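The values are calculated or read from the model by the stated rules, or taken from the named source; none is laboratory data. Please read these numbers as outputs of a predicted model, since none were measured by experiment. Note that each Cβ is placed from the backbone with ideal geometry, even for glycine, and that neighbours are counted across all protein chains shown.
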Amino acid sequence: MINQIFKENWLKILKFNSKVNIIEDPSELEETVRIPLTPNEINPFLLYRLFELLYPKFINDQQNILDIVISDFDLDNIVFGLYLYETTKPGIHARIKGLPKESIEIKQDDLHNLDTLFNRIQLIIQKDHGIKISCIRLIRKRTIDLMNSHCERLTKSTYYEFIQSLLDIIQILLEHELIFIYPEPNILRFLKSSVTLLDGIKFSKVFEFIESVIPSFNALFVINSNNPPIFLKIKKENTKPLHSEIELNLKLLESEKYNFNHQKLLPDLKGLQADFKTEKIISIDQSSLLIFLSELFEMEVPPSKEKVKLIFQKLLYGIRSYDLYWNMVPKPKISNTLVRFLIRLFGINLNLKKLSHWAIPDFIFGLIDTYIGLNANILIILTEQRNETPNSNNLMLVRIENGSINKLEYINDKKFLSKIDQESLESIRLSVSEKFGFITTVFKVDKFLIKAVLSAFLINFHKISLFSILKVVKLLKKHIQVYPEIPPYTLIKNRRSFSLLKDVLSIVIDKHEF
Amino acid sequence: MNSTEVAIIKSNSPSEAITDGIEKLGGISGFVEKGDQVFVKINLRTPGGFPVNTNFDTIKTIINLCKEAEAKKIFVGSYPFNRLKTDSIAKTLGIQSYIEKLGAEFVFLDDQNKYPLKSVEINGKTIEFPKVILESDRLILLNQVSVDPLFKCTISLLNTYSLVSNQFQKIQKNVRSGKDYLHLDQYKQDLITNILDIFSVKKPSLVINDLFYFLEGAGPFIYKDSNLKRTNLIVVGNDAVAVDLITLRLFEIDLLNSDILVEARNRRLGITDIPNIKLIGENLEDIRLSVDFCVSKLEDINIKNTYVKAGRNCSGCFKEAYHLLNLMKTHMTKDLKYIIKQSFLIGEKPPKPESLENIILFGDCAIESTENREFRKIIITNSKDYFETAKQKLKKDSKAQDKTQIKEKVNKKIVELPGCPPSRFDCFNSLISYYGKSQVPNLFFFNNLIKTYYNQVTNKKTKVRD
């Protein structure tokens with residue numbers, strides 16, 4: 001029924017998990033297992049650690065799980081298979097027991113009331129097997145088919161293709177409700193609502209766009225905790241004309257070699273840089289990262305304006321907490337006191353640790369509310385300078401209600417797009433307004449600008465300087481167009497780059513050094 | 001006319017609600033006839049987003065309905081908010097091409113060459129009206145309803161006020177002999193008289209109060225405390241007073257609680273007896289809209305590090321101070337933290353400030369009535385000359401007691417914002433020059449933004465004692 005390679009790998013994982021306590025040093029094992037549904041082969045103890053860490057945090061923190069494979073059609077009993085996992089530790093799948101499928105009877109209508117279904121199943125399992133289950137996972141037969149075809153493609157596909165395939169499967173599962181988990185974890189609810197918000201925009205398309213704007217990089221992320229840290233190496237090389245080459249590697253730290261001493265941030269990052277041959281190493285405190293992510297997944301989608309402000313504030317707080325929750329090698333230039341002092345001579349305060357996380361969201365949202373409005377339809381046109389063929393632009397509609405993003409729509413009606421006169425933003429706005437309701441503002445952004453911003457503030461974060469920011473401000477003036485001209489855009493356009501930067505930095509960076 | 005019809009419509013979209021409402025009142029042909037010239041009066045307050053100005057989708061609906069009725073010419077327009085030019089607001093909203101594409105003409109009312117004015121005598125006053133409005137066969141009021149600090153809601157009667165330029169909207173302080181200007185709230189009385197005078201010149205044929213999306217909390221501009229509530233309702237009729245009365249009733253506001261409607265009743269400008277209003281659509285008694293109105297006391301606007309105290313004040317100063325304080329709260333997050341402490345005093349004989357630093361005196365009343373108050377002066381104690389005292393003590397001079405010298409100095413930590421009422425935007429310049437741009441970076445940036453569309457004039461009277 002299920003892909004043989006996937007099955008064998010899964011049983012191997014279960015076997016390892018069941019004997020992990022009796023293995024002397026599990027991290028030193030030579031054998032590897034594959035992360036389910038991915039091409040990555042890793043140490044089984046690392047996978048054990050990941051499950052131990054992430055499953056209770058994001059899926060379910062109680063023991064014993066029942067997997068139920070169900071039919072896509074309406075039958076007298078839609079159950080195709082029952083698999084009971086008795087877990088001694090939450091998230092650690094160690095033993096699997098196949099149960100007779102007749103032992104539980106489920107109809108399609110039962111799926112509308114998972115509360116009742118769960119209670120009924122729990123009583124049956126308790127009576128027949130003497131254990132209490134904490135979670136049921138209902139998987140439609142079509143999910144297995146999708147997983148099988150994905151697994152078959154894995155051996156032949158590149159990393160880029162693998163990610164796209166995985167994202168497509170996730171989207172199909174969510175859109176067609178092919179998987180149910182009860183109690184429903186926040187992450188699943190978050191993803192389901194995100195699919196609704198995106199209104200037909202494919203996750204894989206979003207990934208394709210992100211991939212296309214991120215420059216090449218080679219970075220090692222070190223996730224620190226009281227246990228030996230986990231390494232995630234991500235390498236992206238834009239060598240191929242169509243898609244870049246991506247490489248992902250997960251590893252556990254060799255404690256002795258890197259002088260690991262149960263501390264928040266790893267001390268010897270430079271040593272790691274040489275050993276892993278990466279341009280940069282970013283060390284992140286694991287617990288802070290997990291807290292942030294779990295708060296993100298707890299968020300209702302579409303989120304209220306206040307919630308977005310709060311999450312944004314937390315993200316900014318995380319960024320400003322350099323040396324506390326994260327650090328990196330090479331060190332950011334702006335963390336150098338002498339550099340900051342020299343910049344300050346020009347009247348500019350540029351200090352990462354003084355990022356005004358408490359004031360920036362209010363500043364940005366205040367401007368959006370005032371000049372865009374509480375209800376608005378924003379049209380974003382993404383252009384590509386090098387691609388001058390007509391209709392090569394991507395049109396995205398952002399619908400805002402009471403200051404919160406309510407819906408995102410991707411306009412891909414080719415017949416409609418071919419009729420649009422793409423010469424002026426005014427005419428685009430009028431044409432789109434006719435079909436999609438009044439368009440408040442049109443933003444035309446070139447991919448080149450997004451690339452430049454990402455390169456300056458993300459990939460080359462360590463190189464941020466007064467000049468690199470000034471360069472971005474100049475590009476912003478050149479590669480962004482707004483119609484109608486809202487006052488913030490007029491100000492950006494008309495004010496000298498240096499003065500504008502000075503004004504903005506006085507808002508985004510705290511004045512007082514101490 | 002002794003009776004009228006008003007429709008209360010609930011729908012899934014504002015455009016559907018308007019079409020349905022007009023249909024229920026007999027169709028657009030009952031309001032616009034073939035060959036008519038129609039002027040659609042909208043809200044065009046500032047270059048801000050919805051709901052500061054009218055919903056553009058509803059403008060489209062009205063234009064399409066007028067075209068359906070075979071109107072000869074459809075004009076759309078309004079005078080914008082104080083000292084703003086229609087040109088700058090139209091550019092910021094991109095409204096002209098949108099209206100033209102729909103088959104109507106957007107009117108730049110302040111362009112007197114294209115749209116000349118005509119003098120009209122009302123109650124001994126001469127007011128200049130744009131000819132295009134006076135000569136139109138039909139006037140349609142398309143009004144966005146939000147909360148308002150003076151009149152609870154921005155009803156359609158208030159919308160008619162911007163049929164004339166700001167010059168004729170301005171209320172001059174006119175103190176009648178023997179009458180207490182503040183006690184009688186003469187400003188508000190004069191304002192109501194002015195609004196109704198203008199309303200009486202050209203009565204609308206169709207009035208739409210669009211409260212489908214209602215801005216509650218703080219308004220009618222978008223502030224930090226604003227919240228957009230979806231009511232799914234609109235109120236339509238041909239009698240503005242009746243439509244406004246029914247609109248206010250939806251919020252459980254009676255005629256007697258609305259000064260402007262009481263005055264309209266006294267002047268018989270419309271129907272104010274509910275039995276004479278035939279209600280169509282939703283049942284008035286079934287709808288009770290619960291919304292947060294604007295604060296009635298300025299002290300209730302909770303601003304970080306700001307102590308707000310008011311003495312007796314007129315509605316003009318109240319309104320401007322209300323907007324200034326809300327702008328501060330919305331756009332000065334960082335500044336308010338840097339300032340640490342400020343006192344905002346308004347009105348006649350306001351209570352004393354919390355401290356002697358950063359005192360903002362808002363309006364002529366506050367400035368004049370506090371001329372001799374204690375906080376205008378600060379007492380400086382000269383530091384002791386310890387060396388001299390020690391020397392005297394060694395000489396066993398009995399007179400060598402502490403000789404603390406006390407001096408009185410003018411308190412320079414005061415910023416005066418003169419005017420009755422002062423203009424909120426002009427106040428920004430005074431505040432920036434008082435605090436310095438490094439202390440108020442948010443305000444400095446916001447002021448630069450405003451300069452891109454607002455014609456600021458330097459108020460020579462503004463004094464900053466620093």
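Before moving on, here are some points about what is shown:
- Qualifying strands (runs of 3 or more DSSP E) (wholly inside the range A:296-403; at least 1 residues being among the aromatic types (F, W, Y) and crowded, with 17+ Cβ neighbours inside 10 Å): A:326-329
- Criterion applied to A:V398, A:V329 was being within 25 Å of the chain's Cα centre (by Cα), within 14 Å of chain B (Cβ to nearest Cβ) and aliphatic (A, V, I, L, M), and the one residue passing it is A:V398.
- Screening the range B:165-180 for residues that are crowded, with 18+ Cβ neighbours inside 10 Å and out of contact with any strand residue (DSSP E or B) (no Cβ under 8 Å at 6 or more places or on another chain) and picking the one that is nearest to B:K41 (Cα to Cα) gives B:Q169.
- Only a single item in (1) surrounded by fewer than 21 Cβ atoms within 10 Å (Cβ to Cβ); (2) at pLDDT below 95 is not met by B:L117, and it is number (2).
- Filtered by the rule that a residue be within 16 Å of A:L324 (Cα to Cα) and more than 18 Å from the chain's Cα centre (by Cα), the range A:210-228 gives A:N224, A:S225, A:N226.
- Filtered residues of the range B:340-372 (kept if closer than 22 Å to B:I303 by Cα and among the polar types (S, T, N, Q)): B:Q342, B:S343, B:S355, B:N358
- Wholly enclosed strands (runs of 3 or more DSSP E) of the range B:272-351 bearing at least 2 residues touching a Pro at 6+ places or on another chain (Cβ under 7 Å), more than 26 Å from B:E371 (Cβ to Cβ) and among the charged types (D, E, K, R): none
- All positions within the range A:5-15 that are crowded, with 17+ Cβ neighbours inside 10 Å and over 18 Å from A:K97 (Cβ atoms): A:F6, A:N9
- Failed condition for B:V147, given (1) within 30 Å of B:K73 (Cβ to Cβ); (2) in contact with a strand residue (DSSP E or B) (Cβ under 8 Å, 6 or more places away or on another chain); (3) β-branched (V, I, T): (1)
- Qualifying residues in the range B:389-439 (those that are at pLDDT 80 or above and among the basic types (K, R)) - the one farthest from the chain's Cα centre (by Cα): B:K407
- Single unsatisfied condition, A:E52 versus (1) of a type in the set (D, E); (2) free of Cβ contacts under 8 Å to residues at least 40 places away in the same chain; (3) in a helix (DSSP H, G or I): (2)
- Filter pass, A:N21 being within 22 Å of the chain's Cα centre (by Cα) and over 14 Å from A:H93 (Cβ atoms): no
- For the range B:49-63, the count of residues that are away from chain A (no Cβ under 14 Å), buried (at least 21 other Cβ atoms within 10 Å of the Cβ) and touching a strand residue (DSSP E or B) at 6+ places or on another chain (Cβ under 9 Å) is zero.
- Residue in the range B:5-21 that is on the phi > 0 side of the Ramachandran plot, of a type in the set (G, A, S) and not in a strand (DSSP E or B) present: no
- Close contacts from the range A:356-368, counting a first residue that is at the interface with chain B (Cβ under 7 Å from one of its Cβ atoms) and a second that is acidic (D, E) and buried (at least 19 other Cβ atoms within 10 Å of the Cβ), with Cβ to Cβ under 6 Å and a gap of 6+ residues or different chains, come to A:S356/A:D510.
- Among the residues making up the range B:103-114, those that are at pLDDT 95 or above and touching a Lys or Arg at 6+ places or on another chain (Cβ under 9 Å) are B:G103, B:A104, B:E105, B:V107, B:F108.
- Lone unmet requirement of (1) facing chain A (nearest Cβ under 10 Å); (2) touching a residue at least 12 places away in the same chain (Cβ under 8 Å); (3) within 21 Å of B:K337 (Cα to Cα) for B:C427: (1)
- Close Cβ contacts (under 8 Å, 6 or more residues apart or on different chains) running from residues in the range B:107-128 that are on the phi > 0 side of the Ramachandran plot to residues that are of a type in the set (D, E) and not in a strand (DSSP E or B) comprise B:N123/B:D197.
- Filtered residues of the range A:401-423 (kept if touching a helix residue (DSSP H, G or I) at 6+ places or on another chain (Cβ under 6 Å), in contact (Cβ under 8 Å) with a residue 60 or more places away in the chain and within 14 Å of chain B (Cβ to nearest Cβ)): A:G403, A:S404
- Selection from the range A:480-497 of residues that are part of a helix (DSSP H, G or I) and either within 14 Å of another protein chain (Cβ to nearest Cβ) or in contact (Cβ under 8 Å) with a residue 40 or more places away in the chain (or both): A:P487, A:P488, A:Y489, A:T490, A:L491, A:I492, A:K493, A:N494
- Annotation note: of A:L500, A:L475, the sole residue that is surrounded by fewer than 19 Cβ atoms within 10 Å (Cβ to Cβ), touching a residue at least 24 places away in the same chain (Cβ under 8 Å) and farther than 30 Å from A:K415 by Cα is A:L475.
- Residues of the range B:225-267 that turn out to be touching a Gly at 6+ places or on another chain (Cβ under 7 Å) and surrounded by fewer than 21 Cβ atoms within 10 Å (Cβ to Cβ), as a count: 2
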